[in-house]
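In what follows, a single structure is set out as structure tokens and then discussed.
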Protein chains: 2
Amino acid sequence: VSPMNALWFDLGNISLRQLQQPQPAKGEVLLRTRLAGICGTDLALLEGYSQFKGVPGHEFVADVVEGPAHWLGRRVVAGINLGCGDCDFCVQGRVEHCRERQVVGIRQAQGAFAEYLCLPEANLLAVPADLSDEHAAMAEPVAAALQILEQLVVPETARVLIIGAGRMAQLIARVLLTQTSTVDVLARTDQRWRYFADLPVGQLTGELQGLQHYDIVVECSGNPAGLTTAMAAVKPLGVIVLKSTYGAQTKIDASYLVVNEVTLLGSRCGPMQIALDWLVRNPLPVEILASQTFTLQDGVRALDIAKGAGAGKCFLAPGGAY
Amino acid sequence: VSPMNALWFDLGNISLRQLQQPQPAKGEVLLRTRLAGICGTDLALLEGYSQFKGVPGHEFVADVVEGPAHWLGRRVVAGINLGCGDCDFCVQGRVEHCRERQVVGIRQAQGAFAEYLCLPEANLLAVPADLSDEHAAMAEPVAAALQILEQLVVPETARVLIIGAGRMAQLIARVLLTQTSTVDVLARTDQRWRYFADLPVGQLTGELQGLQHYDIVVECSGNPAGLTTAMAAVKPLGVIVLKSTYGAQTKIDASYLVVNEVTLLGSRCGPMQIALDWLVRNPLPVEILASQTFTLQDGVRALDIAKGAGAGKCFLAPGGAY
């Protein structure tokens, strides 16, 4: 068994480690990571979310280097939820809610901040040839943004507010602008607006204006205070979509939800194949995403940069080819 | 102007007062209250909810004693939301979410714990002759229970948990049992089960069993802790319907909603005409409701009795005819 480099998270500590290259079990393939994106959830893991210990990385594109002939050599992305196959959710094909699930790079399964990883064949999706690695590595977060449209009809007259102006917010804005032209984005600082330069969104900084003004509010600030702001911003009969995961509790006035018949909708992973198709039709302007790519050896610095309020998308290239 | 008796709430204090009989404005009728139900919301008002000061009472049946000929002498119930007529919600016919609304007996409008009250003609609904006063006075809470079906499809395979075993819980159980046969009710004590004696519900007392077990959880305990229990009880992809209003904040783990894609749905007033029709088809067993009727003079005692965990439905008969 050969060694490989990997970034290792251990309850807040990061280190570069030499691990044994994983070996595919029955039904699995061995993947060599081409590119892996750093996501807000990775930063939350570092702050204790999900008590994760291991190799993170759940946004990635990789080559199949060991597996059945029809996959061998192909460039792939993958669904990150690993189901037990037996529970009520797996039986219904909702593996993302398997009661015993592992989640690549987030929960009990090693992720893509490593040279190699193993995944079930059933999770793989072939990447269209005309999609760049950077775009393909965005399939997972784009799917998460598209999940909103799987859960909710967004009428073309809807007034939408996105709370947070991070990388996820930007993808959500792109997805929602395909449905309605009225999308405002609320940021804590001005630092991120340059990444929204090509998008016709209303740019709001600091305090919320417009109480009870929005039909749909998407909370993706990564911050418990975002939900309080969302509740003040949403109209009666409106919907708050929750996208942030963090390791803290939030105080809410549940009676306010009752009196105003507001809906809170938790939203997580989305449809990967639809995301790939969407990316082919809606290429992301790379200069706007302002992506930066780092080697694994530079991973600690990459995570630091990703944490900064003004950072664009940061990628790790475990093969070092970038 | 003649005097009339009324119960008066003043931030926690109740008194019997002699007030001036109200005079109908343009478009309004004068009603003489036949029967008014005491509701959990009335008890919450006494504990400071909505900072209400005035005459409560929003579940009632009354006679039209002054107004246009086609209403005069008729026995009616009424929608309790009074809209401004001008705002975006009123224009859409969603007067219950009018931005400047008054709510009879709850917010800035005098209610039915009085001999007389005035209401807009537009809010009236004629009571079918074969519906008793007790049943007609239940139209408002039955409408609130039916509102769940206006907002949510309840499949016949759904496993439902109702948290709370109060008067509202009992109506919600009756309504949901028309959709699915699997309804459990979670009570804090055994005292209320006799009111569920005719209903095929699972009776759970004390601690929740069955984590992540229910497709739909209805929280109507009137207690902030109910939401915490609801979140533990609901399945991934499930729905929590919020029915309780109270004057306190609740701590929630919003990330849990995200990861499990749970929906929180605030639910308030419902369709009054549908409620009247439903009551005609589904008479409530009065011996099970164990209703007690009091005069206004006995109102303080009636509210005290209604507060007790084992109390059935309490009514006030301001005309004293009961």
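Things worth noting here:
- The stretch B:57-81-the stretch A:127-146 distance, computed between alpha-carbon centres (Å): 62 Å
- Local net charge near B:LEU30, Cβ-Cβ under 12 Å (Lys/Arg +1, Asp/Glu -1): -4
- When the solvent-accessible area of the protein assembly as shown is split by element, carbon and sulfur atoms take up 48 percent of it, the probe being 1.4 Å.
- Test item: Cα-centred dipole of the protein assembly as shown, Lys/Arg +1 and Asp/Glu -1 on Cβ, debye: 540 debye
- Distances between copies of B:GLN23, taken at a point 7 Å out from Cα along the Cα→Cβ vector and listed shortest first: 9.5 nm.
- In the structure shown, the pairs B:LYS53/B:LYS243; A:LYS243/A:LYS307; A:LYS235/B:LYS243; A:LYS235/B:LYS53; A:LYS243/B:LYS235 are assessed against 21 Å; a Cα-Cα span above that value is assigned to B:LYS53/B:LYS243; A:LYS235/B:LYS53.
- Here the label points at B:SER132 and B:ALA225, each 7 Å from Cα along the C-beta direction, are separated by 3.5 nm in the simple model.
- For the stretch B:215-245, heavy-atom accessible area (probe 1.4 Å) falls by no less than 40 Å² from the chain alone to the full protein assembly at B:PRO236, B:LEU237, B:LEU242.
- Cα centroid separation, the stretch B:186-236 to the stretch A:1-37: 45 Å.
- Computed over the Cα atoms of the protein assembly as shown, pair by distinct pair, the Kirkwood hydrodynamic radius stands at 27.1 angstrom.
- Over chain B, dividing the summed -39,500 (n - 2.57) contributions of all DSSP H runs of at least 4 residues by the number of residues returns a 222 nm mean residue ellipticity of -6500 deg cm²/dmol.
- Proximal charge balance of B:VAL183 [Cβ under 10 Å; K/R count +1, D/E count -1]: +1
- Set the Cα radius of gyration of the stretch A:26-138 against 2.2 N^0.38 Å, with N its number of residues, and you get 1.05.
- When all protein chains stay in place and ligands, DNA and RNA are ignored, the 1.4 Å accessible-area order of A:THR182, B:THR250, largest first, is A:THR182, B:THR250.
- Overall, the ratio between the Cα radius of gyration of the stretch B:200-313 and 2.2 N^0.38 Å, rounded to two decimals, is 1.32.
- Taking all Cα pairs closer than 8 Å and separated by 6 or more residues, the relative contact order of chain B comes to 19 percent.
- Neighbourhood net charge (9 Å Cβ-Cβ; Lys/Arg +1, Asp/Glu -1) for A:GLY105: -1
- For the rotational copy pair B/A, the chain B residue whose Cβ lies nearest the symmetry axis, together with its distance in Å, is B:LEU264, 2.
- The same position A:PRO68 in the other copies lies at 7.3 nm from this copy, comparing label points 7 Å beyond Cα toward the beta-carbon, shortest first.
- Rolling a 1.4 Å probe over the heavy atoms of the protein chains gives chain A an accessible area of 40 Å² per residue.
- Positive-pole candidate from B:GLY166, B:LEU276, B:THR228, dipole of the protein assembly as shown, charges at beta carbon: B:THR228
- Taking the DSSP bridge list for the protein assembly as shown and keeping only pairs wholly inside it, about 55 percent are antiparallel.
- In nanometers and ordered shortest first, the copy-to-copy spacing of the B:LYS53 label point, defined 7 Å from Cα toward Cβ, is 6.0.
- Counting only DSSP beta bridges with both residues in chain B, the antiparallel share comes to about 55 percent.
- Label-point gap, in nm, between B:LEU177 and B:ARG94 - each point 7 angstrom along Cα→Cβ: 3.3 nm
- Burial ranking of peptide ranges A:161-169, A:146-154 (average Cβ count within 10 Å, highest at the top): A:161-169, A:146-154
- Summed buried accessible area for A+B [probe radius 1.4 Å, Å², rounded to 100]: 3400 Å²
- Of the DSSP H helices in chain B, those whose Cα atoms cover at least 15 Å axially and whose Kyte score averages 0.0 or more: B:139-151
- Here the gap between A:LYS53 and A:ASN282, fully extended at 0.36 nm per residue and compared with their Cα-Cα distance, gives a gain of 78.9 nm.
- What the pair-distance distribution of the stretch B:53-202 shows, using all Cα-Cα distances binned every 5 Å from zero, is 2, 9, 14, 16, 17, 15, 13, 9, 4, 1, 0 percent.
The values are calculated or read from the model by the stated rules, or taken from the named source; none is laboratory data. What you see is a predicted model; the values in this text were computed from it and never measured. Here the Cβ is made from the backbone with ideal geometry for all residues, glycine too, and neighbour counts use every protein chain on show. Protein only, heavy atoms only, side chains kept; ligands, DNA and RNA dropped before computing areas. Shrake-Rupley method; radii C 1.70, N 1.55, O 1.52, S 1.80 Å.
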